[in-house]
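I have placed the structure first, in the form of structure tokens, so that the comments after it can refer back to it.
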Amino acid sequence: MPKKHNVHGEGNYQAARKYNEGLRNFIRSGRVGRAARDAEPATEVDALQMAAAETEGRRRTKEEDPALRGAMPKAPVPTKPVGAPERDAEDERYVALMLGGDAFD
């Protein structure tokens, strides 16, 4: 009986492909801006807690992610699927950020 090959030592390739496809579908859906607005802090207390969590997370990193400095190559912007809602300029900035570009050119 052949041995089943589960490659999980360096990562779960199937899970990574599934996540990446889901992310691409979400970006193409045009819901990025709305989701970002929904994630904004509702109160000043929420904003302070989010800032504290970000500071704690950065404290533990070795170095800054080069994607945040725009050092990563820009990926092509996906085409809009048929029937998808129109995206406004704010949505386009979020898409550009998600794809590694600089949204404030």
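Close contacts from region 16-29, counting a first residue that is closer than 13 Å to MET98 by Cα and a second that is modelled with pLDDT of 90 or more and not acidic (Asp, Glu), with Cβ to Cβ under 9 Å and a gap of 6+ residues or different chains, come to PHE26/VAL32; PHE26/ALA35. Restricting the search to region 25-68, which residues are within 15 Å of the chain's Cα centre (by Cα) and farther than 22 Å from GLU90 by Cα? Passing the criteria: ASP65, PRO66.
The values are calculated or read from the model by the stated rules, or taken from the named source; none is laboratory data. A quick note: this is a predicted structure, and the numbers were derived from the prediction, not measured. Reconstructed Cβ throughout: ideal geometry from the backbone, glycine too, with neighbour counts over all protein chains shown.
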